[in-house]
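The values are calculated or read from the model by the stated rules, or taken from the named source; none is laboratory data. Everything numeric here is computed off the predicted structure, so don't read it as measured data. Heads up, the Cβs are rebuilt from the backbone with ideal geometry, glycines too, and the neighbour counts pull from every protein chain shown.
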Amino acid sequence: MELSNVTAERRQLRVLGAAVVLAATLVGWFLLGGRGSASRAPAATTSGAIVSQSQLVGLARSVDYPVYWAGPKSGYSYEVTTTHDGRFYVRYLPTGVTAGDPRASFLTVGTYSRTTAFSDLEHAAKAKGSWQVDLGRHGLLVFTPTNPKNAYFAFPGAKYQVEVYDPSGTAASRLVLAGKIVPVS
């Protein structure tokens, strides 16, 4: 394959990756209630870092809300990214993939510190095309069949909301319903 074809393919993949990230951000903004301020600067982030399971436990204990994940997975490393506005991401990277990989090709569980987490989710559940499922303890799972890669859940009175992203298309809500998305412990 010629170098120019490889370069063009990489450029196309980067554009596609940026489009996926933008779409996920817009869906997240909608499902989180769209309560951001246009004048507010984006939240600063720590760049993703690969951590061991015990390091993940320590990091999860350093915040004042539970951090969720999909449990240990053999053959995967855990990339953690946090933001100053209380977002905590755990991304599952297969062997050979390095932290910061720009592809939206990996299971990611985000836990967001939000005082209005449950009411925001109730609001999102009323949107046209949204589906909701009652979880145990009166929890609420919301997703849209048009974007099944993302699922969101929260519980009444909780000051956090959880997002599950799975690139397979339908696994996000299934992981939640199967009880696979749990607090790090």
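So which residues in the stretch 132-147 are closer than 19 Å to K180 by Cβ and assigned to a loop (DSSP other than H, G, I, E, B)?
L135, G139
Of these, S113, S77, which one is over 16 Å from V51 (Cβ atoms), among the hydroxyl-bearing types (S, T, Y) and free of Cβ contacts under 8 Å to residues at least 60 places away in the same chain?
Details: S77 fails: over 16 Å from V51 (Cβ atoms).
Result of the check over S113, S77: S113.
Any residue that is among the β-branched types (V, I, T), modelled with pLDDT under 95 and surrounded by fewer than 16 Cβ atoms within 10 Å (Cβ to Cβ) - is there at least one of those in the stretch 172-184?
no
Considering only residues that are closer than 15 Å to V162 by Cα and aliphatic (A, V, I, L, M), look in the stretch 46-79 and name the one that is surrounded by the most Cβ atoms within 10 Å (Cβ to Cβ). Reasoning before the result, please.
First pass over the stretch 46-79, keeping only residues closer than 15 Å to V162 by Cα: 60, 63-71.
Within this subset, residues satisfying the condition of being aliphatic (A, V, I, L, M) are 60, 63, 67, 70.
On the way: A60: 20, V63: 14, V67: 25, A70: 20.
That would be V67.
Identify, from the list V133, V90, V176, the residue that is within 22 Å of G48 (Cβ to Cβ) and among the β-branched types (V, I, T).
Details: V133 fails: within 22 Å of G48 (Cβ to Cβ); V176 fails: within 22 Å of G48 (Cβ to Cβ).
So the residue among V133, V90, V176 that is within 22 Å of G48 (Cβ to Cβ) and among the β-branched types (V, I, T) is V90.
Could you list, in sequence order, the residues of the stretch 150-185 that are under 19 Å from K73 (Cβ atoms), assigned to a loop (DSSP other than H, G, I, E, B) and out of contact with any strand residue (DSSP E or B) (no Cβ under 8 Å at 6 or more places or on another chain)?
The answer is A178, G179, K180, S185.
How many residues does the stretch 132-167 contain that are farther than 19 Å from F106 by Cβ, among the polar types (S, T, N, Q), in contact (Cβ under 8 Å) with a residue 40 or more places away in the chain and surrounded by fewer than 22 Cβ atoms within 10 Å (Cβ to Cβ)?
From the stretch 132-167, those farther than 19 Å from F106 by Cβ are 132-142, 144-146, 153-161; that's our starting set.
Next cut, among the polar types (S, T, N, Q) only: 132, 144, 146, 161.
Subsequent filtering for residues that are in contact (Cβ under 8 Å) with a residue 40 or more places away in the chain retains 144, 161.
Of the ones still in play, those that are also surrounded by fewer than 22 Cβ atoms within 10 Å (Cβ to Cβ) are 144.
Within the stretch 132-167, residues that are farther than 19 Å from F106 by Cβ, among the polar types (S, T, N, Q), in contact (Cβ under 8 Å) with a residue 40 or more places away in the chain and surrounded by fewer than 22 Cβ atoms within 10 Å (Cβ to Cβ) number 1.
Is there a residue in the stretch 61-82 that is part of a helix (DSSP H, G or I) and either of a type in the set (D, E) or closer than 17 Å to S185 by Cβ (or both)? Don't jump to the end; show me each part of the working.
We begin by selecting, within the stretch 61-82, every residue part of a helix (DSSP H, G or I); these are 61.
Restricting the remaining residues to those that are either of a type in the set (D, E) or closer than 17 Å to S185 by Cβ (or both) gives 61.
Yes, that holds for at least one residue.
Would you be able to say whether some residue in the stretch 108-131 is more than 27 Å from R61 (Cβ to Cβ) and in a strand (DSSP E or B)?
Within the stretch 108-131, one or more residues are more than 27 Å from R61 (Cβ to Cβ) and in a strand (DSSP E or B).
Working only within the stretch 83-110, note down all residues that are closer than 15 Å to V67 by Cα and either hydroxyl-bearing (S, T, Y) or without any contact (Cβ under 8 Å) to a residue 24 or more places away in the chain (or both).
T83, Y89, Y92, T108
If you go through the stretch 80-98 one residue at a time, how many are touching an Asp or Glu at 6+ places or on another chain (Cβ under 7 Å) and farther than 19 Å from V164 by Cα?
Result for the stretch 80-98: 0.
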